[in-house]
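Bear in mind that the values in this text are calculations on the coordinates, not laboratory data. Everything quoted here is computed from the prediction, not taken from an experiment. Glycine also receives a Cβ, built like all others from the backbone with ideal geometry; neighbour counts cover every protein chain displayed.
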Amino acid sequence: MDKKEIKHLAELSKLEFTDEELESFDFEFEKLIELADIIKNANIDGERKLNMIDMNELREDNPKSGYSSEILLENAPDKKKGYFVVPRIVE
Amino acid sequence: MVYDVVIGLEVHAELKTQTKCFCSCKNEYSKVPNSNCCPVCVGLPGALPILNKYAVEQTIKAGLALGFEINNTAIFERKNYFYPDLAKAYQISQLEKPICINGHLRVGEKDIPINRIHLEEDAGKLIHEGNQTFIDYNRGGVPLIELVTDALKEPHIETADEAIEFLTKLRQIYIYAGVSDCELEKGQMRADVNISLKPKGSKEFGTKVEMKNIMGFKSIHKAIEYEIARQKEILDDGGEVEQETRKWDFEKGESYTLRTKENAEDYRYFPDPDLLAVKISNEDIERIKSTLPIMPGELKEKYVNEYNLSENDADIILAEKEITDLYNECVKLYFQPKTVANWFITEILARIKGGAKLDISKENIVWLIKAVDERKIQRNSAKDLLSFVWGTNLSAEEEAKKQGLLADLSDDFVVEVLNKVLEEKAQVVEQYKREQDPKILNFLVGQVMKETRGKASAQLVMEKLKEKIE
Amino acid sequence: MDITKLSALEIKKHIKSGEVTCEEVTRVFISKILENKKYNAVLEVFDDAVENAKAMDIKIKDGFNGKLAGVPIIIKDNILYSGKICSCGSKFMKDYIAQYNSTVVKRMLDEGAIIIARANMDEFAMGSSTENSAFGVAHNPIDFERVAGGSSGGSACAVALDMCPIALGTETGGSVRQPASFCGIYGLKPSYGRISRYGVVAFASSLDQVGIFSKTLEDNALMLEVIAGGDNNDETSSKTKVDDYLSEIDKDSTNITIGVPKEIIEMVKGLPCEVNFHNFIKVIKDNNIKTKDISIKDVGLGLATYYILAPAEAASNLAKFDGVKYTSRDNNAKNLQEIYKKSRSKGFGKEVKRRIMLGNYVLSSGYYDAYYKKAKAVQGLLIEEYEKAFDECDIIIMPTTLGEAYKIGSKPNDPVETYKEDIFTVTANIVGIPSLSIPYGKGKEGLPLGIQIMSKKFNEKTIYSFAKTIEKIVKKED
């Protein structure tokens, strides 16, 4: 596992690491992958079993009144007039 | 150099349902931000998605209307990426086992192969204002179906015109099947287009460029032509087309790079562990099939073969579903499909083209057509009456009586008056026999109308007159 | 009478008879929490608990007879209780207020429970010692220098120290059974789907279940009766009938067959739990309960499977904590990307970040088939192997932990060494079967050990009645 790959993972994870953290991460990650690699010994090619639901048991299409936006935005770090707010996004 | 163009389409349409795809919030537009929302569609911790049965049925309906195979097992996956309009930081979509697979749609002489239709949830809306972006999750979780053409199989969509024909037909079918209103200006139907060029006859595909979320058929047409020209120029100059995603700027009429292959997203799809795989039995599929209305293709055949409409007239009647529905209702009440079609094209559609909203009862339409046919009323009076009762609750028949427009004279009486006029104007009749000038006929009809104070049917008079003197 | 020593069933009885009020009971338990603050088992005592108890007294006088009428309960800090903070043991969520009740909370309140506090836990339930809590470690109730276990360490410690008769925890790979074992109490992980997950902050959705800590088996069964059952807010919850666990607990279970997996006999060799496990087998045999050697061939793949599936789902489940809709936003973040990265990097602790990274690794393009897909297939394989094993026996037993509770701070930097602690517990989650850790025996250091009793899916009642049989045997021997 090289630094570039770890950085890519960090990007996917939206996490930042200092160089120091990255150093120790390198070592830990190797161990973690060693553990995960045990799975490669499994001698199977079967498909996994699926937990099924019959489509007729799915939720009926009956609307319920929603929550007030005040409640839904209660924990928002930035909000205005019923909207969640972030700094302007530039594409 | 001459190129083969290969166009792939990914078309999103918002499903017509009462509730959202994975929660019981209302699936309807609201001006008040975050007002049709709950912990599920705002992605609050601890909330869990619960799949809407009707959204599955609607997807199956869309598939059946387009001749798709329906999978007996459907799986929902998470598509993971960070963006503020995506409350959970993943979109619930379908990858490995979509609900519908292997369909096709006829465009001109080609049967365009379609890979799949899958069900997924829409994202929320972002409003950029000043130095802030505002997030509204009302649209978040609204059920969407995504149709993906199979550009790897022949035949391909090759021109902007074909793409638009594909989209127009698809829209018509979705509206007919009742799965989506497909209102373009509301963004209920949106398309991603991918385009690649290859030297004519080459087996190998060229590099694909994708254009995201283009709204409106005109923009799509322009964007396709622009992209074909752009790639052609690059290739003609000996350059290489870069694999990328571009965004269409409809104001400037050009596209720009959104992201290149290097920073392509890795969506890390995996089956959503909060949802179960859905079992769709053949009985379910049959039951849903039986609820499908007749599709436009079938109707057109009926119009042309049974109703003897011209292809062109049939297309006009079939262009908008509410017109088609009204037409069919009227024909049911008065089985003169050709006459009714003429009325629709010359009177009703003309008014709608002029900006009127369709607001006239089938009873009024049928009464007016019938009254003219039976010579109870003059054609011009009928047209005036149509305008008069349009957009009201008034009855055309009642109004005709009130305004004294009814030709309540018997045919015999009209013939009597006509005979009298012909006697008095024997010289004029002679003149007509010599000159065959239609103006003379009109003059004679006018005389009869004068005698009957306009209550005779001019058409009837003309008919009888011609019988007498020709 | 020391109320805090009583079981929930006894407390209920005393309140009903009018010997004590629900208010008195609640106050006594709250004092107990405050006396034992140094154990750091509880993060917050709810300030309306006494008020709610008073209201409950009136209700009970009016004839209310809920299954938990007046019983004080503590919940793990990742179970939503409307209007209360739910921090998941994370700095990132330290001020997060629950906007709705989880199904388990709703069901407990409907039956008259008084929820008095929220318990400490490893951040987002990732860990097995509560050392990953942003609010400090929960100490072992028997030896203060040791861990209470995790991730539901606070809940286990609270029950063991008589802060409440029953507490809820959550399980993903052993987070109820392991701390129950370390603290010497009962800890149930029910069948997957037995209890609704609605309103429980997800770690790994396909493995998560709410679990129950109690001092008595009857209390455990009572709580399961209250919170089990299908829920329209959780598609993965099962509509399978909820048994009368409590009334069936004394059912004779001497003619059942106990399966002892030979792979487990191999695995325990040389481990601190070895002697105790063999003692247990001997005791059942001595009491004429039939045992059978069985095989679960690939049980050894459980740990790797778990550490692929759980982080993968966690990486996705925890992405929504991004500083946009909730969770604290980093003040220095100037744009969206910085909000994401800085808020998450600052908000999440080390172990959580590690698992998010691992999860994204096994899901990322190029690795998905080799890890995630393969792990899913192994999961299917293990389900089959367990099903076959249960054709031959009614109950499967194995140790809960490698050994006794370890010293705080004693685990090395290598995370995998810590993960190995979960080796006996993870398969029940992967397979979805119920497993109860019962307190049985002591280790070399004199601390409690636990034995797991597992059954087929949705067969918790057999677990309870067998555990009851064991309890009777142990009492007789004492």
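A few comments on the model shown:
- Amide N of segment B:343-381 lying under 14 Å from the label point, which is placed 7 angstrom from the Cα of residue B:300 along Cα→Cβ: none
- Rounded, prolate or oblate (a/c below 1.5 giving rounded, otherwise prolate when a/b exceeds b/c) for segment C:403-478 by Cα gyration tensor: oblate
- By the helix-only formula, in which each DSSP H run with n ≥ 4 contributes -39500 (n - 2.57) and the sum is divided by residues, chain B has a 222 nm mean residue ellipticity of -12000 deg cm²/dmol.
- Shielding by partners for peptide C:226-232, expressed as the average number of C-beta atoms from other protein chains within 10 Å of each residue's C-beta, is 1.
- Listed pairs A:49/C:350; B:20/B:279; C:251/C:297; A:49/C:241 exceeding 25 Å between Cα atoms: A:49/C:350; C:251/C:297
- Pairs beyond 24 Å (Cα-Cα), from C:346/C:373; B:16/B:186; B:321/B:376; A:79/B:125; C:5/C:457: C:346/C:373; B:321/B:376; C:5/C:457
- Per-residue mean of C-beta atoms belonging to partner chains within 10 Å, peptide C:368-378: 5
- Residue C:47-residue B:152 FRET efficiency (beta carbon distance; Förster radius 41 Å; 0.05 resolution): 0.05
- Above-threshold pairs, the threshold being 24 Å between Cα atoms, out of A:14/B:252; B:212/C:341; A:3/C:341: A:14/B:252; B:212/C:341
- Only beta bridges with both residues in segment C:14-148 are counted; by DSSP, about 50 percent of them are antiparallel.
- The orientation-averaged projected area of the convex hull spanned by the Cα atoms of chain B comes to 31.7 nm².
- Here's the picture: a label point sits 7 Å out from the Cα of residue B:183 along the beta-carbon direction, and within segment B:24-63 the residues with their amide nitrogen under 20 Å of it are B:25-37.
- Ordering of C:154-167, A:22-35 by burial proxy (mean other Cβ atoms within 10 Å per residue, highest first): C:154-167, A:22-35
- Ordering of C:465-476, B:18-29, B:123-134 by packing is B:18-29, C:465-476, B:123-134, highest average first (other Cβ atoms within 10 Å, averaged per residue).
- Peptide C:404-414 - average C-beta neighbours from other chains (10 Å radius): 1
- Projected label distance in nm at residue B:342 and residue C:417, using a 7 Å step from Cα toward the beta-carbon: 9.6 nm
- Degrees, to the nearest 10: B:426-435 long Cα axis against longest axis of chain B: 50 degrees
- Acute angle (nearest 10 degrees) that the helix B:379-389 long axis makes with the longest principal axis of chain B, alpha-carbon atoms: 50 degrees
- Normalised size of segment C:279-357, defined as Cα radius of gyration per 2.2 N^0.38 Å with N residues, equals 1.96.
- Within segment B:152-190: backbone nitrogen closer than 19 Å to the residue B:358 label point (7 Å, Cα to C-beta): B:168-186, B:188-189
- Using the Cβ-Cβ distance between residue B:252 and residue C:334 with R0 set to 25 Å, the FRET efficiency works out to roughly 0.30.
- In this rough spin-label picture, where each label sits 7 Å from Cα along the Cβ direction, the residue C:31-residue C:250 distance is 3.4 nm.
- Cα gyration tensor, segment B:37-167 - rounded (a/c under 1.5), prolate or oblate: oblate
- Note on residue A:54 and residue B:374: the model spin-label points, each 7 Å out from Cα along the C-beta direction, lie 5.5 nm apart.
- Once the convex hull of all Cα atoms in the protein assembly as shown is built, its volume per residue stands at 225 Å³.
- Dipole magnitude (debye, nearest 20) for segment A:1-78, charges at Cβ of Lys, Arg, Asp, Glu: 400 debye
- For the listed peptides C:101-112, A:3-14, a ranking on the average number of other beta carbons within 10 Å per residue, highest first, reads C:101-112, A:3-14.
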